[in-house]
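Take a look at the structure below.
What follows is calculated from the coordinates using simple rules that are stated; it is not laboratory data. Note that this is a predicted model, so its numbers are computed, not measured. Using ideal geometry, Cβ is built from the backbone for each residue, glycine included, and neighbour counts are taken over all protein chains shown.
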Amino acid sequence: MMTATTRVTVRVPGKINLALRSGARRPDGYHSLATVFQAVSVYDDVHADPGPPGRFDVRVLGESAHRVPSGPDNLAARAARLLASQQARPDAFGCSLTIRKTIPVTGGMAGGSADAAAALVACTALWGLGIDADGLLAIGAELGADVPFCLLGGTAFGQNRGDHLTPVATPGLFHWVLVPSDEGLPTPVVFDRFDELTPGGPGPPEIGPALLDALAAGDPLALGDALVNDLAPAALDLRPDLGRVIETGMAAGALGHVISGSGPTVAFLAADASAAGTLARRLADAKVADAVRAVTGPVPGARVLP
């Protein structure tokens, strides 16, 4: 084992779901999903420093840091402990993690999963483990359904819980305007409401060809028409104020919109960088949200910074 003597920093993006189709709740408590993820240019940085063996400390800084657990339940700390536990001498490893957040917390953008993915990459480098990408993906899947995608990045088609991934080629960049919220929507609560709103049970989740064809063609107009999220009615039922956000964004020139994951972040698609800037200004002027961010996607997954 070779351990780095200096800090390792990993930058990891948030994600949006361009499509999210959900089946009924399974006996294991999860829902079978068919989804298309895209990593976008809003990031958390995770710094890993050497720490005493057996200690996995975490400190959270930045936007909404007070809403993120800093103890052993933090998903990044859990990722570091899991990684150490799978080594021949697990008691030889420790670290101190510092998470600097800009990905919205409980916003449907996989902020916690992103931090776990970054911790896996950072601690692999810090501890000199030499685990390959496939190995990290397998470990990530043990932590949460979104962690493998946060490692992979780009655009990908996800099945099962969203953790069985197939990369999707997308030429060029798409331009998005994100409207997050200071008030989160916990994923279990949204899925519970989804079940209540679909008492007969939804059919098998499937992604139609229109969205994948739009991505392959790099066509934002066609993509705007194909964005879909089965959890949107549940999110809107829990947060009716999101309806005004959506109406305002579409009236301001968006090509389409989608609630990301379980929400409440709303992603609006724009034709190009100029249109995204105009849309962001109009949404900010309308004062329908706490913040507005213009971002692009796809971007790479968790990566060590030089």
Under unit Cβ charges (Lys, Arg +1; Asp, Glu -1), what dipole magnitude, rounded to 20 debye, does the chain have relative to its Cα centre?
-> 620
Matching label for the computed semi-axes √(5λ) of the Cα gyration tensor in Å, out of (1) 26, 22, 20; (2) 32, 21, 19; (3) 47, 24, 16, is (2)
Residues whose modelled amide H sits under 5 Å from the amide H of R59, counting only those 5 or more places away in sequence or on another chain, are L97, T98, I99
Viscosity 1.306 mPa s, 10 °C: Kirkwood-radius Stokes-Einstein D of region 190-306 over Cα pairs, µm²/s = 100
Computed E for T6/D241 - FRET, C-beta separation, R0 41 angstrom, nearest 0.05 | 0.35
Using the beta-carbon distance between E196 and D219 and R0 = 45 Å, what value does 1/(1 + (r/R0)^6) give for FRET efficiency, to the nearest 0.05?
-> 0.80
Ranked output for segments 218-227, 26-35 by mean other Cβ atoms within 10 Å, highest leading, reads 218-227, 26-35
M250 neighbourhood, Cβ < 13 Å, K/R = +1, D/E = -1, net charge 0
Taking θ as phi - 60°, what are the ³J(HN,Hα) couplings along region 151-164 by the Karplus curve (6.51, -1.76, 1.60), each to the nearest whole Hz, with x for Gly and Pro?
-> 6, 6, x, x, 10, 8, 8, x, 10, 6, 8, x, 9, 8
Max mean-square fluctuation residue, GNM over the chain, Cα-Cα springs under 10 Å, options A77, A122, A138 = A138
Under 5 Å, built H, 5+ apart or other chain: amide partners of G154 | A39, V299, G301
Whole-number Å³ per residue for the convex hull built on Cα positions in region 118-235 | 157
Expressed as a whole number of Å, what is the distance separating the alpha-carbon centroids of region 123-179 and region 225-260?
-> 25
Go through 282-289, 111-118 and give me the packing order, highest mean Cβ count within 10 Å leading.
-> 111-118, 282-289
Distance from a point 7 Å along Cα→Cβ of R281 to each backbone N in region 173-195: keep the residues under 20 Å and list them by number.
-> 175-179
